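Values quoted throughout were computed directly from the atomic coordinates according to the rules given, and no laboratory measurement underlies them. Please read all numbers here as calculations on a predicted model, not as lab measurements. Cβ coordinates were reconstructed from backbone atoms using ideal geometry, including for glycine residues, and neighbour counts include every protein chain displayed.
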Amino acid sequence: MKSAPIPMFKLRIWGDRVLEVSGIDCFYGDVQILRGMSLSAKPGEILCLLGRNGAGKTTTLKSIMGLVPARAGSITLDNERLDTLPAHEVPKRGVGYVPQGRRLFAEMTVAENIEVGLLTRSKGAETRERMLTLFPRLRDRYRQRAETLSGGEQQMLAMARALCLEPRVLLLDEPTEGLQPSMISLIRDVVVGLKEQDVATILVEQRIDAVLSIADRVVFMENGIRRDEATAEALRHDPSLINRYVGVSQAAAIDPAPISPT
């Protein structure tokens with residue numbers, strides 16, 4: 001299934017607005033997870049975080065959302081501090097989040113889950129219709145409870161709920177995990193469409209081939225530290241950093257020719 005050839009929301013240009021994560025330290029209890037982590041994402045850029053399990057990728061996304069407070073450093077969007085805001089205020093600034101495992105309201109219907117997204121930034125029927133056009137299967141399941149959907153349909157709903165914010169930044173944590181190829185293709189199409197809408201996307205993903213076909217830059221993490229960075233194009237031709245920070249088997253699967261987004 002391909003995404004519909006319509007804009008996801010009204011085209012807007014954010015200019016120089018940028019997300020900046022600068023030298024943050026994050027902890028779970030007394031255990032430090034992130035150590036001086038820094039990254040930036042510009043409008044229309046797809047940035048991928050890569051690293052082995054436990055590297056701190058998910059914690060980085062949670063810190064941006066305010067779910068894991070930063071004890072040092074700062075997180076800003078267009079020069080506004082996000083790290084000083086309560087977690088429920090971060091989405092209102094235009095940061096969408098699709099966590100690993102989707103985290104839907106299982107007993108609520110598709111319609112009610114979408115309504116939660118709409119209410120966050122006071123969006124209405126026009127945005128709802130865009131989401132149902134982008135993900136037509138959700139229209140068919142509109143009155144069903146989220147827990148009755150297939151895994152792919154739940155991922156559609158999680159994406160739609162986040163996109164109801166009309167976000168400036170979208171955070172995606174393992175969005176293709178456990179999905180069939182047609183659903184992976186749909187998610188790729190959506191991410192590429194967001195790029196055309198000038199949305200910055202930060203992606204945590206284990207599928208190296210999927211990442212390098214659409215990403216602009218890749219940041220490598222290890223033990224909560226930003227270790228290195230490269231363009232996706234450079235990694236397609238020289239996967240040595242992937243060998244080092246992700247694993248030889250992953251690097252061996254790389255096709256040096258980029259997949260043209262459709």
Problem - the chain - mean residue ellipticity at 222 nm from DSSP helices (-39,500 (n - 2.57) per run, n ≥ 4, rounded to 500) - result: -9000 deg cm²/dmol
Problem - Square roots of 5 times each gyration tensor eigenvalue, C-alpha, the stretch 49-196, largest first, Å - result: 25, 18, 14
Completion exercise
The FRET efficiency for T133 and E196, from their Cβ-Cβ distance with R0 = 22 Å and rounded to 0.05, is 0.85
Fill in the blank from the handout: Counting all Cα-Cα pairs in the stretch 104-166, those more than 14 Å apart amount in percent to 45 percent
Problem - Modelled FRET efficiency - R0 25 Å, E80 with S122, Cβ distances, 0.05 increments - result: 0.85
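Give a quick list of GluC sites (Glu not before Pro) in the stretch 143-245 that DSSP marks as loop, anything other than H, G, I, E or B, with at most 16 other Cβ atoms within 10 Å.
Values: sites: E147, E153, E177, E196, E205, E222, E229, E233; in loops: E177, E205.
Sparse-neighbourhood loop GluC sites (Glu not before Pro): E177.
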Problem - Theoretical FRET efficiency, 1/(1+(r/R0)^6), r = Cβ-Cβ of S240 and D25, R0 25 Å, to 0.05 - result: 0.30
Problem - Cα-based Lys proximity count in the chain, under 17 Å, for pairs eight or more positions apart or on separate chains - result: 6
Problem - R145 versus T231: modelled label distance in nm, points set 7 Å from Cα along the beta carbon direction - result: 5.1 nm
Handout entry: Sparse-neighbourhood loop sites, trypsin sites (Lys or Arg not before Pro) in the stretch 63-156 - DSSP loop, at most 15 other Cβ within 10 angstrom
Key = R103, R143
Handout entry: In the stretch 33-110, GluC sites (Glu not before Pro) in a DSSP loop with at most 16 other beta-carbon atoms within 10 Å
Key = E107
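Under the rule that an exposed site lies in a DSSP loop and has at most 15 other Cβ atoms within 10 Å, name the longest stretch of the chain with no chymotrypsin sites (Phe, Trp or Tyr not before Pro) of that kind, not counting the sites themselves. Numbers along the way, then the final one.
On the way: sites that count: F105, Y142.
With chymotrypsin sites (Phe, Trp or Tyr not before Pro) excluded where exposed in loops, the chain gives 143-262 as its longest stretch.
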